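Quick note: the coordinates plus some simple rules give every number you see, no bench work behind them. Since this is a predicted model, take the numbers as computed values, not measurements. Glycine gets a Cβ as well: all are built from the backbone with ideal geometry, and neighbour counts include every protein chain shown.
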Amino acid sequence: MTTIVSSDPLYVYFDIDEATYLNTVSKARPDVVGRSNEKLPVHIGLANEKGYPHGGALDFVGNQIDRNTGTVRVRAIIPNADGLLTPGAFARVQLGTGSEQKVILVNDQAVGTDQGNKYVLVVDANNKAQYRPIVLGPMVDGLRVISDGLKAGEKIIIKGLVRPGMAVTPDIVSMQTLLSVPERQPEGASKKSNGKNEGGSK
């Protein structure tokens, strides 16, 4: 007895959470007639590789959610003409969730929690901090996607002991710059570090 496997193309099986399935994958299921024909991109990387250098597409989605784990089993198909991928190997998987789009990105330090609700402090036209409820999305390149509650170009406070209604002296920096700058201790209540939303991640 023996087992016959296909090495080109290669099938990659992995699990996705229920929220991802409901919000994205179920709308583009490749195995259901009448669904969108959009094929969600999938990239994988082996244990000895950086990033996700091997690309393919989602081609099958399971028909039930596992009640114990809250996940759905899916499958991607990856071209393997050079034979670098070996059947049975483990890999890291990156699933694209649709077409490219512009989003609002902020540093996670700016996000506060109030009785389970997420919020940020927005600097208004009078340089005063205003409470703003938000809806969080996923992390992208070290920054947090804000699904709802902010508009591109608004200024938000990243860190410091600031309360709603307090006056601040803005010190404008980009969100991306903050990722590489060591955290500094606040200098005083009148000067708080804040950043400007740079909506444009794809």
R0 of 41 Å, Cβ-Cβ distance Asn117-Asn48: FRET efficiency to nearest 0.05:
0.45
Could you check the simple spin-label distance between Tyr11 and Val93, using points 7 Å along Cα→Cβ, in nm with one decimal?
1.2
Collect residues whose amide H, placed 1.01 Å from N in the peptide plane, falls under 5 Å from the amide H of Gly96; neighbours closer than 5 in sequence don't count.
Val42, His43
Evaluate E = 1/(1 + (r/R0)^6) for Val145 and Asp82, where r is the Cβ-Cβ distance and R0 equals 30 Å; express this FRET efficiency to the nearest 0.05.
0.30
Just to check I understand the Karplus step: with θ = phi - 60° and J = 6.51 cos²θ - 1.76 cosθ + 1.60, what whole-Hz values come out for the range 45-53, glycine and proline as x?
x, 7, 4, 9, 10, 9, x, 10, x
FRET efficiency (Thr69, Lys102; Cβ distance; R0 30 Å; to 0.05) is 0.35
